[in-house]
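The values are calculated or read from the model by the stated rules, or taken from the named source; none is laboratory data. Here the structure is a predicted model, which is why all the values come from computation and not from measurement. FYI the Cβ positions are ideal-geometry reconstructions off the backbone, even for glycines, and counts take in every protein chain you see. Accessible surface areas use protein heavy atoms only, side chains included; no ligands, DNA or RNA. Shrake-Rupley method; radii C 1.70, N 1.55, O 1.52, S 1.80 Å.
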Amino acid sequence: MLNEFKEFIARGNVMDLAVGVIIGAAFSKIVTSVVEDLVMPIVGALTGGGFDFSNYFLPLSANVTATSLAAARQQGAVFAYGNFITVLINFLILAWIIFLMIKAVNRMRKSLEKQKEAGPAAPPPQDILLLSEIRDLLKQRA
């Protein structure tokens, strides 16, 4: 059973998946930092405080009198639509940034493919070169 487990782990698919998960986690941190540290401060400066609707809620119980969502949840049931709106806006910003990053990567890939295509052509095979030389010699004799 141990040998089977070793074979399973050593397969390319498992290793590719592990690498993908690790890179995905690191990429997630990069994207989160771009959103929180670069984009949201600019959005906050432009909108005068940013998109924080997290304390917008509707009380579903007469016992709820608090003004913050955390305190209201302790008092009773609330319909926290503001938190959903904040998460939705953050998701849209995040999705837009990921779209722009993927677009840039695709553009870079296309330019690299064009460079590979424009590279020097492979020399003709040896038999073609030999036949070309014979043809040229025959032309010179004629």
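Below is a table of values for the structure above.
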{"item": "Nitroxide proxy distance, nm - points 7 Å out along Cα→Cβ at Leu46 and Ile128", "result": "5.5"}
{"item": "Rg(Cα) / (2.2 N^0.38 Å) computed for the range 3-49, rounded to two decimals", "result": "2.01"}
{"item": "FRET efficiency, 1/(1 + (r/R0)^6) with R0 22 Å, evaluated for Val105 and Asp16 via beta carbons", "result": "0.75"}
{"item": "Accessible carbon and sulfur surface of the chain relative to its total accessible area, %, 1.4 Å", "result": "66"}
{"item": "Accessible solvent surface per residue of the chain, calculated while the other protein chains remain in place, 1.4 angstrom probe, Å²", "result": "83"}
{"item": "Under 17 Å from Lys114, Cα to Cα: lysines that are on another chain or at least 8 residues apart", "result": "Lys103"}
{"item": "Potential extension, Thr67-Leu2 segment - 0.36 nm per residue separation minus Cα distance", "result": "17.5 nm"}
{"item": "Tail fraction, Cα-Cα pairs, the chain, threshold 22 Å, whole percent", "result": "71"}
